[in-house]
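Comments concern the structure below.
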Amino acid sequence: MSPLTLEQAAKITDAALEEGARRRCAPLCVVVLDPGGHALVLKRMEKASISRPQIATAKAAGCLGLGLGGRELARRARAAPAFLAALNSIFPQGIIPVAGGVLIRNAAGELLGAMGVSGDTSDNDEICAVAGILAAGLVADTGGTH
């Protein structure tokens with residue numbers, strides 16, 4: 001398995017921001033994390049609110065922590081809310097179980113990292129994340145259909 005490169009992560013973030021602009025989303029913040037949860041690229045639009053980097057990071061890191069896309073995390077949060085709430089105290093970067101956190105995989109299904117997008121509705125955040133990942137020729141794993 002080859003690691004996610006800085007060039008790929010930059011392409012993913014730029015394409016996600018372009019999709020957000022095309023859709024006229026609210027100002028976004030996007031982050032791409034490697035499999036260990038370390039940020040490769042984080043970009044925040046000038047008018048995105050101040051906590052967007054932490055929210056985007058928690059969306060992506062939560063997906064990595066459980067190995068599930070944001071939509072599946074949301075389903076599990078509805079089924080076991082106490083369990084998912086407790087994870088915030090043990091996940092160092094948090095967990096936000098909603099759409100907008102997306103696992104990044106290669107064509108063979110190997111985990112390369114995760115992306116978090118925050119700023120608009122969770123559904124729009126996810127659309128932008130998926131567009132960014134696909135623009136880099138990679139596979140977006142949302143944990144559900146969109």
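The values are calculated or read from the model by the stated rules, or taken from the named source; none is laboratory data. Here the structure is a predicted model, which means the values were calculated and not measured. Heads up, the Cβs are rebuilt from the backbone with ideal geometry, glycines too, and the neighbour counts pull from every protein chain shown. Just so you know, the surface numbers come from the protein's heavy atoms only, side chains and all, with ligands and any DNA or RNA stripped out. Shrake-Rupley method; radii C 1.70, N 1.55, O 1.52, S 1.80 Å.
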Original post:
Taking interchain pairs and intrachain pairs at least six residues apart, which have beta carbon atoms under 8 angstrom, with the first residue in segment 125-143 and on the phi > 0 side of the Ramachandran plot and the second of a type in the set (Lys, Arg)?
Top reply: Gly143/Arg71; Gly143/Arg75
Subject >> Residue, least open to solvent (accessible area, probe 1.4 Å), within segment 104-134, restricted to residues that are more than 19 Å from Gly65 (Cβ to Cβ) and charged (D, E, K, R) >> reply: Asp120
Original post:
Quick check, is Leu84 open to solvent by less than 20 Å² (accessible area, probe 1.4 Å) and free of Cβ contacts under 8 Å to residues at least 24 places away in the same chain?
Top reply: yes
**OP:** Just need a number here: residues in segment 52-64 that are open to solvent by 10 Å² or more (accessible area, probe 1.4 Å) and either modelled with pLDDT under 95 or basic (Lys, Arg) (or both).
**Re:** 1
Original post:
For Leu84, are the conditions met, namely being under 22 Å from Ala10 (Cβ atoms), assigned to a helix (DSSP H, G or I) and of a type in the set (A, V, I, L, M)?
Top reply: no
